[in-house]
Structure formats: structure tokens, C-alpha cells
1. Which residue out of Ile219, Ile266 is hydrophobic (A, V, I, L, M, F, W, C) and more than 21 Å from Ser145 (Cα to Cα)?
2. Considering every residue within region 263-285, establish whether at least one is surrounded by fewer than 19 Cβ atoms within 10 Å (Cβ to Cβ) and polar (S, T, N, Q).
3. Is there any pair linking a residue in region 14-37 that is aromatic (Phe, Trp, Tyr) to one that is at pLDDT below 95, with Cβ under 6 Å and at least six apart or on different chains, and which?
4. Among Arg120, Arg110, Arg162, which is the only one that is in contact (Cβ under 8 Å) with a residue 60 or more places away in the chain, more than 24 Å from Lys228 (Cα to Cα), among the charged types (D, E, K, R) and in the same structural domain as Phe267 (by TED's automatic domain parsing)?
5. For Val200, state whether it is modelled with pLDDT of 95 or more and either assigned to a strand (DSSP E or B) or closer than 26 Å to Ser107 by Cβ (or both).
6. Within region 109-121, is there a residue that is surrounded by fewer than 22 Cβ atoms within 10 Å (Cβ to Cβ), on the phi > 0 side of the Ramachandran plot, part of a loop (DSSP other than H, G, I, E, B) and not hydrophobic (A, V, I, L, M, F, W, C)?
7. Can you tell which of Asn142, Asn80 is in contact with a Gly (Cβ under 6 Å, 6 or more places away or on another chain) and farther than 30 Å from Ser292 by Cα?
8. Identify the residue in region 174-230 that is over 14 Å from Gly135 (Cα atoms), under 21 Å from the mean Cα position of the chain (by Cα) and among the polar types (S, T, N, Q) and, among all such residues, is surrounded by the most Cβ atoms within 10 Å (Cβ to Cβ).
Amino acid sequence: MNSLSARNTASDPAGAHRAKSLVIYHFFEKDKNYIYNLAHFLLFGYSEDCDHIIVIAGEHTIDLPTRHNLRYVFTENKHNDFGGYSAVINALGNDALAYDFVYFVNSSVRGPFMPPYAGRDWKSVFSMKLTGDVGLVGPTINILSQESPFTEAFRASIPGFREPFSHVQTMAYAMPKTTLSYLIESGFYSNNIDLTKEQVVLRYEILLSQLVLARGLNIAALLPEFNKIDYRNSHVDLDPGVHRSQGDPSCAYSYFGRSAHPFEVIFVKTNRGIFSEDYLDRLTYSALNQMSESPEWTDCGFMKEYIDRINTVSRSAEIVQMGPFQMNVEQIVQLTEACLQIHPESREVFETILNRYRSA
């Protein structure tokens, strides 16, 4: 079912409210981590001054909160967030163009994270980039390398665009209604064929930016280095170490030799081991203490669970790692030997892997 669920009209009578911004959040209940990502977004990303639509992709077990400016679209889990966003845009019809800005966020990221001195809403950080000839903005831009298999695949399947196929990464991004209108007219959201996982990357994440650039608009990022480039012209990556991630700066240690901090990108991937859960929890605890009022989401079970989890930070004296847990070669060897005691038949495979570490 792709229809929009009814809004609570008792607190928002028809015609009494017209928000200038729409936030579309795509939620897939993959695991507890994704549930916490949604909880964090509602806690720190929800606001009264805009409309929110949450896409529920597939089955869910959590109780869904109700607010006057919060609606739901229930879809099958198909084509990742692209499938969910397409369902929303198609269900809204012309109403999608009633907003000045539309923001897209999926549940693979945790955020927003804002420094305590920012003094502004997270949405304004995105929208302030959407001026002049910029038609699309996200935290990061992938200047897709020639070594990436997606370069050849995109060139072969969707010809006619300028290389490199640089693109705003789509875990979180924003666009003005002029861009959205153009994408709707171009049929970007009307793809009804079944797509493989690779095809979704090609026809959604990469194609989105290529269409914007072909329109004569530029793309932008929150990370400042990426805004030195006019992506409508021939360009190369500025990061000398980018070959490690094939152009993807949202991987660990892939942003000029380091990982982009949550305060820099606002939304950070939690399925790539970039930052430890303990570190993110402590950033969240600081944000929770900055709130002038107590959180209003305690009527929702998964929200209360997340808030309780964050509040346990105050009772911990541990020193936590900023990055993911790492092991040296000796520790890897010891762990491998322990595994081989349980699975001796895998020794040949493990030896091959260990030899790679020893020679690295």
C-alpha cells in the first residue's frame, strides 16, 4: 500500500497550515541499529515548522508515533530508499511541489548531529547551500573513480553523461522545488521495472546527480573541499588518498586521511564502522543535555528505550574509542587460531587470509 495515511486533522485543520519544507524519512527495520537511527532522528531532527513523511518499508515491530505534521507511507521493501521516495512523490502528486525545499534521509544514518554552538536547525545547513545555480546538496559527494565498477556499469547502461560520474551521496540530501519539478517531469520517479541492487545505485544515486548537472545546475556538499569544483565541467578528485575507497568519502578514513566528523556531515553512516557506538552515544548524550525541555517522545516504546540508553552514559566512567574496534596482526592471529579450534576444516582459507595480513 503506497497511499499516504491520514493526518491528524484535529490539530491541523485543512488550510490552516502550509509548511515551506517537507522531510521524507525512509525507514527499513533492518535491525536494532536502524531503529535507534529513527529514534535519534525523531528526537533531534523532527520540528514543528515543517511537514514529515516517514516511509515504512516492509514489516515493522515498533509502535509509530503520531504528530499533527507527521504522516506515513507503507510500502514493500523494494529498491531501497529510492522505491520509498518514489512512492511518496507519486502519492503526493502536485502537492509535492507546494514546498520550497524537500529533504530526504534514510535509516542507514544517525543524525542530525549539530555542535552545541551552531544555533540553527539542521535543515537550514542544507538549504543555505541551495542558492544560485546549486540544485542538489548532501553531506558528501563521491567523485567516482575510473577504477570503480560503477563507472563502467553506468557508462554502459546509461550513456550520454560527462565523466567522472560525481554524485551527491543519497543517505541524506536536499533539493529545491525547481529541481524536484524537473526530476518529476523527466520521469525519474516513474521507474516501475524491477531493479537489481547495482541498478538501483546506477539509476538512483548516480543518475540523480547526472540529471541535475545535465540541467545546467551544480551540486554541493557540506564538506567544504568538495565545493571548490564546478561539477558541470571536467574535474578530478582533490583527495590524493581517495583510491582507497574508490571516491567514497563516507567510508572510514576516506576523507583526506581521516573520517568526516558527525558535526561536519550532520548524518553519519552507522553500518560502516566509521565511529564506535559508544562515541556516538556520548555525542548524543551531550545533545540531549542541551535540550531546554524534556523529550516529548517517551510515549513511544522504542524512543523511550533509546533515551534510556543514552542516559546511561552519565553513569559510565569508561574511556571510549572514537573509531571502530581495531586489532593488530598478533591479535588477529590469536583470534584466528581460536576459531580454527572450532572449525579446523577452514585452516587453508584462514592461512590465505593471514598471509595477506602478514605481508601487508
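1. Answer to the check: Ile266.
2. yes
3. Phe28/Asn77
4. Arg110
5. No.
6. Checked against the condition, which is being surrounded by fewer than 22 Cβ atoms within 10 Å (Cβ to Cβ), on the phi > 0 side of the Ramachandran plot, part of a loop (DSSP other than H, G, I, E, B) and not hydrophobic (A, V, I, L, M, F, W, C), region 109-121 yields at least one hit.
7. None of the other options fit; the residue is Asn142.
8. Gln199
The values are calculated or read from the model by the stated rules, or taken from the named source; none is laboratory data. Computed from a prediction, not measured in an experiment: that's the story for all the values here. For neighbour counting, all protein chains shown are included, and Cβ atoms are generated from backbone atoms with ideal geometry for every residue, glycine included.
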